[in-house]
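See structure below.
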Amino acid sequence: MGNASILLVDNRKAIIESFRKSFSEIEVKHTLFSAANENEAWSMLDGSQKLSPVPKIILIDVNRTKNKGIQFLNAIRNHTDLKSILVFVITDSETEINKAAALNLNIAGYIPMSFESQTLNSFVSVLNEYWNIIEFSSQK
Amino acid sequence: MNQKLVNILLVEDDEVDVMNVKRAFSKNNIMNTLFVAGNGVEALEMLENHIIPLPKIIILDINMPKMNGIEFLKIMRENEKLKNISVFVMTTSNEDSDKINAYNLNVAGYILKPLSFEKFLTSVATLKNFWQLCEL
């Protein structure tokens, strides 16, 4: 257990706001950061906006941005300090074009989701309970 | 939704812990087929020699004789057919080095075995909900 930072990567402001609201309503204790795209996310992981400590969890929809999401995950998996980050793919896309590629990168979960508020709350609640039973390694 | 249930492999040397997992599965109505290996060597043999159908989930202890969980995980991740299986560590080891090694080998979660069976039941219930979310 313990606190972890979570980085949500999504170019839809409405989705990010929905998650913030859901995290607040469910009283998720982990801090939520957001990035509008993979470049900004990378900057927050290993660039000019680097978060400290580095987030332990990433939430991303790899089906939205052609193959940028997969390239981003590939880069994470090839980075010594970032490769251990838990990645949860959350997607409302019906065409799961990048599902196989994501599964090949040892993601923690591939989660088809709806972002409507009531349903989102139930998804976030399950994820939150899961994050509360797992251990994280020491801060970096 | 009617999903076909995936196979689960438990890699655990302690017979009491194996029984606890089976009890917790039963009480949580987890109907997936559960296979058991007593250590990493046995688990690899079952997987590589097709003695069991390929599981989608492995529940993995760390401290085991012959081959521990981390050693097993390293070999598994280098095997094309096995490397994408979701692994959930379930262990009494609270060592940071074990957590670091496990997450570097991309486990989906690292869970400390609770001391009470009641808490263990709750953890397994949470796992079940998470697996359903991932459509596992």
Options B:Pro114, B:Pro53: the member that is more than 30 Å from A:Ser125 (Cβ to Cβ) and either part of a loop (DSSP other than H, G, I, E, B) or in contact with a His (Cβ under 9 Å, 6 or more places away or on another chain) (or both): B:Pro53
Some residue of segment B:48-59 being in contact (Cβ under 8 Å) with a residue 40 or more places away in the chain, over 13 Å from the mean Cα position of the chain (by Cα) and under 14 Å from B:Leu10 (Cβ atoms): yes
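Looking at B:Lys81, B:Lys27, B:Lys56, which one is basic (Lys, Arg) and in contact with a strand residue (DSSP E or B) (Cβ under 9 Å, 6 or more places away or on another chain)?
The match here is B:Lys56.
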Residues of segment A:1-44 satisfying the condition of being closer than 22 Å to A:Ser84 by Cα, assigned to a helix (DSSP H, G or I) and not charged (D, E, K, R): A:Asn39, A:Ala41, A:Trp42, A:Ser43, A:Met44
Residue that is surrounded by the fewest Cβ atoms within 10 Å (Cβ to Cβ), among those in segment A:25-48 that are closer than 18 Å to A:Lys13 by Cα and of a type in the set (Gly, Ala, Ser): A:Ala36
Residue count, segment B:115-128 (criterion: surrounded by fewer than 17 Cβ atoms within 10 Å (Cβ to Cβ) and within 10 Å of chain A (Cβ to nearest Cβ)): 2
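Hey, among the residues in segment A:43-54 that are touching a helix residue (DSSP H, G or I) at 6+ places or on another chain (Cβ under 7 Å) and not basic (Lys, Arg), which one's nearest to A:Ala4 (Cα to Cα)?
Checked segment A:43-54; the qualifying residue nearest to A:Ala4 (Cα to Cα) is A:Val54.
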Candidate set from segment B:80-99 (those that are closer than 22 Å to A:Ala101 by Cβ and either among the charged types (D, E, K, R) or surrounded by fewer than 14 Cβ atoms within 10 Å (Cβ to Cβ) (or both)); member that is farthest from the other protein chains (Cβ to nearest Cβ): B:Lys81
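Show me the strands (runs of 3 or more DSSP E) found entirely inside segment A:45-140 where at least 1 residues are facing chain B (nearest Cβ under 8 Å).
The qualifying strands (runs of 3 or more DSSP E) are A:86-91, A:109-112.
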Some residue of segment A:105-112 being under 20 Å from B:Ile100 (Cα atoms) and touching a Cys at 6+ places or on another chain (Cβ under 7 Å): yes
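Read the figures in this text as sums done on the coordinates, not as results from a lab. Remember, it's a predicted structure, so these values are computed and weren't measured experimentally. Every residue, glycine among them, receives a Cβ derived from its backbone with ideal geometry; neighbour counts consider all protein chains shown.
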